[in-house]
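Derivation of every value follows stated rules applied to the coordinates shown; laboratory data play no part. Just so it is clear, the model here is predicted, and its values are computed rather than measured. All Cβ positions, even for glycine, are placed from backbone atoms using ideal geometry, and neighbour counts span all protein chains on display.
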């Protein structure tokens, strides 16, 4: 399938684990995610890990859509080259989009994000890298989740709490002027998807995780 991808590929994002490229495939714009070989690993181990993670991410992108969470459509997977070819989402990262929204629209977007995270967690899927950089807003108000390279399955409130803690930390570091209001709306949407009782368990875990982080920082400073 790679031979049908037109050259050159335009580098969109360079990451520690993989690079993203924009190119053309059968006349359509697509994103190619290609995992970067790790030279410090034994060759065979690196190949096996790359194959597993490529397959795993493609499967979870597909399953997230089945759970009702918009993701790019996976068009092809080439395990031998650790490549995923997926739909190009023509939109803006939520990280930048939140900065130019009015308060009402921003609240609606954040509530929708919380609802979608709740859908993932209701189906025991943990995103693993939940930040506003890994979400794209397109077609008006539709939110797409991307980058499932660290995703896994768990029904533990602790793991769900880590997801929410990561999102909260990302909001406060990038959108500190309105982070509190944003995260309150995320929690409202999350409760709608998961139910008050289950959501409250996760919120308590997220608070514990946050307190543990502060404790370790204070210890290191002292």
Q: Test residue 164 against the criterion of being under 16 Å from the mean Cα position of the chain (by Cα), within 17 Å of residue 122 (Cα to Cα) and not in a strand (DSSP E or B), and give yes or no.
A: yes
Q: Tell me which of these residue 143 doesn't satisfy, since it passes every other one: (1) outside any strand (DSSP E or B); (2) closer than 17 Å to residue 171 by Cβ; (3) touching a residue at least 12 places away in the same chain (Cβ under 8 Å).
A: (1)
Q | Residues of region 117-127 that turn out to be crowded, with 23+ Cβ neighbours inside 10 Å and in a helix (DSSP H, G or I), as a count | A | 4
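What tally of residues in region 130-146 results from selecting those that are touching a helix residue (DSSP H, G or I) at 6+ places or on another chain (Cβ under 9 Å) and surrounded by fewer than 17 Cβ atoms within 10 Å (Cβ to Cβ)? Steps first, please.
Start the filter on region 130-146 by keeping residues that are touching a helix residue (DSSP H, G or I) at 6+ places or on another chain (Cβ under 9 Å), which leaves 130-137, 141-143, 145-146.
Of the ones still in play, those that are also surrounded by fewer than 17 Cβ atoms within 10 Å (Cβ to Cβ) are 133, 141-142.
Matching residues across region 130-146 total 3.
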